[in-house]
Structure formats: structure tokens, C-alpha cells
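Input: a single structure, listed below in C-alpha cells.
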Amino acid sequence: MNDLRLLKPDWSARPPAGGIAWRVRLLLALALPLAVWYFGWLLEPGRVGQPVLYGLLIAAEVFNLVQGLGFWWTSAHERVRERLPLPKGRPAVDVFIPVYNEPVDVVEPTLVAATKLQSAAVRVHLLDDGRSDDMRSLAARVGAHYVRREDNKGAKAGNINHALGVTDAPYVAVFDCDHVPDPAFLEATLGWLQKGRVAFVQTPQYYANARVNPMAAASAAQQNLFFGPIARGKDGLASMICCGTNMIFRRDALEEVGGFPTDSVTEDFELSIALFERGWESAYLPEVLARGLGPEDMASYVSQQHRWARGCLSALPRILRARLPWRVRGQYLLSSMYFLSGWTVLIYMSLPVIRMLTGAQPVAGATADEFLLHFAPYFTVSIITVAVAGAGTYSFHAFALSVASFWIHVHASIKAVLRRPSRFVVTPKKGGSGRQPRAAAAPLAIVAVLLGSAVYGLAQARTPSTFNNVAFVALHVSVLLAGTWPALVRPRAAAVEAPEESAHLEVQAA
């Protein structure tokens with residue numbers, strides 16, 4: 001079988017020649033006066049239509065402005081690290097690969113590649129929370145240590161903490177079981193752990209199955225935006241977060257904070273807070289040094305995004321009370337608050353529906369042309385900034401999938417506010433074989449409401465205002481359907497296997 005994870009990556013986390021920081025700063029200089037132009041018009045007292053709707057619109061616009069300014073701030077401070085010389089000798093490194101009922105054919109390439117990591121005395125440990133005899137046999141076959149515990153307390157975090165207690169190497173690398181490490185991973189990262197109080201080095205997550213699977217491709221485009229300009233900018237602001245896989249730690253840093261937190265479904269994010277609070281630092285190396293698998297169907301994507309949203313939103317109080325440098329606090333708040341953006345999408349979609357059903361609207365004393373004259377330039381520059389910063393890797397399908405995921409943010413934030421318990425759910429490593437309309441039920445219901453309101457509005461009055469709102473409905477419906485389309489069609493065959501015509505690109509893990 002030609003595994004896609006053994007192919008040479010077709011994406012780089014490094015910026016284009018010359019970097020993107022100066023381009024982002026130039027666009028910011030253009031965007032700020034346009035933002036003033038738009039908000040100055042929107043906030044005029046005579047613009048208040050229905051007060052509650054107007055307040056919701058202002059809240060959504062201010063939230064997105066803050067997120068936009070945060071993106072500019074982050075991207076404008078990019079740092080691009082290079083490899084540093086290795087420490088003398090051959091340092092001992094424990095490599096942890098946690099598993100929990102994943103297929104053997106997904107885990108085996110990762111385990112084999114881990115045993116062939118170069119430039120250190122490597123001890124690979126397969127941490128099996130599924131207590132599978134097949135995994136025990138796999139570990140024995142490839143020469144890895146097999147670690148099994150009696151319970152699953154603390155999920156992935158508890159699994160890693162248990163392994164920390166039965167190992168002793170001064171460095172610990174962690175890979176999700178589907179992420180196949182490059183032989184040079186340790187050669188590229190170990191040097192940075194000799195600098196000051198760098199606790200961990202994070203490298204990008206790369207989805208190899210984005211080549212053949214539309215859902216994985218859209219998800220990968222979202223990841224590329226984060227592990228491209230955002231991660232480089234966070235590193236430039238000395239506030240990169242730990243992202244769960246493709247990373248290496250100093251053991252003494254982990255021991256100082258008591259290991260991975262077990263009371264969060266995003267244990268990596270909470271660990272980052274704990275490390276920075278103790279004065280440790282992070283490093284981000286923008287080099288693809290492991291190749292993994294992204295969600296291959298809508299159900300897997302929803303599971304992954306809900307876990308991330310739930311964990312990051314639950315961490316907000318922790319960030320606010322933690323003793324962190326202001327830059328770190330600001331960056332961590334931006335990362336957590338991103339998962340509130342679904343509320344703004346819900347507000348935007350609700351406004352034309354309310355207008356056509358009740359006649360109430362948020363903005364008064366303005367025509368559609370006047371609104372577009374003030375809003376369109378500001379919005380256009382914002383979109384251009386994302387395109388420029390992402391160096392063309394952020395696609396429309398990624399944007400549509402993000403919009404269609406609004407309900408995940410809404411649901412996760414409600415659960416966080418109500419403090420409903422949540423559990424760690426492993427993202428499936430292989431997609432389903434059928435359509436999954438249930439996984440897209442919420443956005444499809446909104447599509448029905450939008451279309452119903454448009455029909456009702458046109459039946460009541462064919463005025464310019466009605467046509468304007470119908471146009472917004474059409475826009476929302478188009479984006480939602482594009483975002484949910486992967487759930488409505490039968491997925492392609494298993495995406496782990498590479499197409500025959502790509503086989504010549506295969507690289508060996510030795």
C-alpha cells in the first residue's frame with residue numbers, strides 16, 4: 001500500500017520570499033482608515049433601528065474587529081526559526097505515541113518511523129489505552145516499548161502522565177498515532193531546547209490526506225492558516241501554544257508543572273498556560289516534520305472542532321486569572337475567543353430573517369447602496385489580508401466549512417457557561433462510507449429557515465429592502481451549502497492510500 005503519509009509534503013509552513021509581515025502591516029495601514037470610515041458611519045445616533053437588533057449587530061461587528069486586529073497584530077510579528085546545532089553527544093529521548101482503539105494500519109507507519117528517528121538515543125513507547133493485544137504485537141514487531149495502564153483516567157493526558165512516570169529520558173517527544181515523523185525531527189528540534197527556558201518546540205500539523213479527500217482538504221486549509229502566519233506570529237510574540245502532537249519537551253519543564261492537565265479536553269492548551277505561568281517559554285519551528293491524517297468526514301470534523309471549542313472556551317477564566325505576560329495573555333485570549341465567532345455568524349444570518357418576518361431591522365436611515373459603500377471596502381481589505389497572510393493556502397471551502405460550523409461554537413459555549421461535563425473524544429482516523437446529513441443538521445435547518453423567510457418576504461412585498469435581504473439570504477445559503485456539501489455526498493474510498501500516479505513521490509522513513 002502506498003501510504004499518503006509517506007509522500008513528500010506539498011505545503012510549507014514557511015512564508016514566501018521576503019516574508020508576509022511587511023505586507024500585513026501595509027494592509028493594516030489601509031484597513032484602519034476604512035474601519036474608522038465604516039464604524040464612524042455605523043455608530044452615528046441616527047443609524048439605530050430596532051435597538052436590540054442594532055446592539056447585536058454592533059456586538060458582532062466589534063467582536064470581528066477585535067479578532068481582525070488580533071490577526072493583523074499576530075501576522076505582523078512573524079518569526080521564522082532555523083535549525084540550531086545539536087547538543088553534544090547523543091541525548092536520550094523518550095518518544096510517546098498514545099493510542100486508543102485506532103486501526104493497526106494507521107498506527108504502524110508512525111511507530112516504524114519513530115524507531116528510525118536520527119541524532120539521539122531514541123526509546124519509542126506505544127501508550128495503549130485501548131489495551132489491545134494487536135498493539136502489543138505491533139510494538140514487539142517493530143522494536144518499541146509497549147505501555148499499558150489499568151484504567152483510562154485522564155484520557156490522553158493521563159496516558160502521557162503515566163508514561164512519564166515509567167520513563168526517564170531528559171527529553172520527551174509526542175506524536176499522535178496517525179502522524180508519521182520525519183527521520184530528521186529530533187535533529188531539527190533538539191537544538192532549540194538548549195536555549196534559555198524553552199520548555200517545548202512545536203512543529204506544524206500537516207494533513208497528508210488533503211490530497212484526495214475534500215473534507216480533509218478544507219480542514220487542512222484551516223490548519224495551514226494557523227500553522228502558517230498565525231503560529232509564526234505567535235512565536236514572534238513569544239506566545240506559541242502547545243498543539244498536542246509533533247512536539248518535543250524538556251522533561252524537567254513537564255515535571256515542574258505536574259505533567260499534562262487531566263481536567264480539560266484540550267490538555268495541550270492548558271499545559272501551555274501552566275508552563276508560561278512558571279516562566280517557561282516555547283519555540284515554533286515552521287518546518288513540516290510529521291505527516292498526519294485530517295478528518296475525512298463531517299462527523300469526524302464536528303467531533304474534533306467541538307472538543308477544541310469546548311476546551312478553549314473553558315480555559316478563558318484560567319487565562320484571565322493566570323499570571324502571564326501581557327502578550328501571552330492577549331494571544332491566548334484571541335485563540336480562545338475565536339470559538340465565540342459562531343455567535344456572530346448566527347446574528348448575521350438572523351437579521352434578514354427577522355427583517356422579512358417582522359419588518360424590524362437593526363440599521364435605520366440608510367439604503368443598501370449606502371451600507372455597501374461603507375462596509376464593502378473594510379470587509380474586502382480584511383479578506384485580502386487573510387489571503388495574503390495565508391499565501392494562497394486558505395480556500396473558499398475552508399471558509400465555508402468554518403461558517404457552517406457556527407453551531408459547534410454556539411453549542412460548546414453554552415456547555416462551557418453551564419459547566420456541563422465533557423469528555424475527551426479521539427478524532428476518528430478513517431472516514432465513514434456513507435452520507436452524514438445528521439452531522440450537518442443544524443446548518444441545514446438554518447438553510448430551510450433562510451429560504452422559508454425569503455419566500456415569505458417576497459410574497460409580502462417586492463420592495464428594494466426585501467430584495468436586499470433576499471440577496472443576503474442567498475449569500476448565506478450558498479456558503480452554508482458549500483460548507484455542508486461533504487456531509488451530503490458519499491465520501492471517496494479510504495484516503496490513507498495514495499493514488500498510483502503519486503507513488504513515485506514516496507519517501508522512506510529511514
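Summing charges over neighbours of Trp407, with a neighbour being any other residue whose Cβ is under 14 Å away from its Cβ, gives +3 when K and R count +1 and D and E count -1. Measuring only protein heavy atoms, the 1.4 Å probe finds Val99 accessible over about 10 Å². Taking amide hydrogens as placed 1.01 Å from N in the peptide plane, the amide H of Tyr206 sits under 5 Å from those of Gly292, each at least 5 positions away in sequence or on another chain. Computed from point charges on the beta carbon alone (+1 for Lys and Arg, -1 for Asp and Glu), the dipole magnitude for the chain about its Cα centre is near 780 Debye.
Just name one of Leu193, Tyr284, Leu57: the one whose Cα is farthest towards the positive end of the charge dipole of the chain (beta-carbon charges, Lys/Arg +1, Asp/Glu -1). Of the listed residues, the answer is Leu57. Rounded to the nearest Å, what's the spacing between the alpha carbon centres of segment 294-332 and segment 344-394? Just the number, please. Computed from Cα coordinates, the inter-centre distance equals 26 Å.
Membrane-span-like helices of the chain, defined as complete DSSP H segments with a Cα extent of 24 Å or more along the helix axis and a mean Kyte hydropathy of at least -1.0, are identified as 21-42, 51-75, 341-358, 368-389, 441-460, 464-488.
Backbone amide hydrogens, once placed in the peptide plane, bring Ala92 within less than 5 Å of Ala121, excluding anything fewer than 5 places away on its chain. Give, as a single signed number, the net charge of other residues whose beta carbon lies under 14 Å from the beta carbon of Arg148, with Lys and Arg counted +1 and Asp and Glu -1. My count for the surroundings of Arg148 gives -2.
Per-residue surface analysis assigns Asp129 an accessible area of about 10 Å², computed on protein heavy atoms at 1.4 Å probe radius.
Of the residues Met215, Pro325, Val95, the one whose Cα sits farthest towards the positive end of the charge dipole of the chain is Pro325 (charges of +1 on Lys and Arg Cβ, -1 on Asp and Glu Cβ, taken about the Cα centre). In the chain, the sites counted are GluC sites (Glu not before Pro) in DSSP loop states with at most 11 other Cβ atoms within 10 Å, and the longest stretch holding none of them, exclusive of the sites, is 151-510. The listed residues Leu42, Leu488, once ranked by accessible area (1.4 Å probe) with the largest placed first, stand as Leu488, Leu42. Summarising the amide proton neighbourhood of Val48: residues at separation of 5 or more, or on other chains, whose placed amide H is nearer than 5 Å comprise Ala364.
Taking a sphere under 12 Å around the Cβ of Asn468 and counting the other residues whose Cβ falls inside, with K and R at +1 and D and E at -1, yields a net charge of 0.
Across Val66, Val142, the residue with the most accessible area heads the list, and the full order at a 1.4 Å probe is Val66, Val142. Which of the trypsin sites (Lys or Arg not before Pro) across segment 136-186 are loop residues per DSSP, with 15 or fewer other Cβ within 10 Å? Of the trypsin sites (Lys or Arg not before Pro), the ones in loops of segment 136-186 whose Cβ has at most 15 other Cβ atoms within 10 Å are Lys153. To put it simply, the accessible area of the chain at a 1.4 Å probe is 61 percent carbon and sulfur. Taking all protein chains together, Phe406, Phe371 sort by accessible area into Phe371, Phe406, largest first [probe 1.4 Å]. Legend: distances between Cα atoms for Lys153/Lys415; Lys153/Lys234; Lys156/Lys234; Lys156/Lys415; Lys88/Lys156; pairs beyond 30 Å are Lys153/Lys234; Lys88/Lys156.
Counting other Cβ atoms within 10 Å of each Cβ, which trypsin sites (Lys or Arg not before Pro) in segment 311-387 have at most 15 and sit in a DSSP loop? Answer in residue order: Arg323.
Here the dipole of segment 1-74 is about 280 debye; that uses its Cα centre as origin and unit charges on the Cβ of Lys and Arg (positive) and Asp and Glu (negative). Residue farthest toward the positive end of the dipole of segment 104-187, with Cβ of Lys/Arg at +1 and Asp/Glu at -1: which of Ala114, Asn152, Ala169? Among Ala114, Asn152, Ala169, the one farthest towards the positive end of the dipole of segment 104-187 is Ala169.
The values are calculated or read from the model by the stated rules, or taken from the named source; none is laboratory data. This structure is a prediction, so every number in the text was calculated from the model and none was measured. Note: ideal-geometry Cβ built from the backbone for every residue, glycine included; neighbour counts use all protein chains shown. Accessible surface is based on the protein model in full, side chains and every heavy atom, while ligands, DNA and RNA are left aside. Shrake-Rupley method; radii C 1.70, N 1.55, O 1.52, S 1.80 Å.
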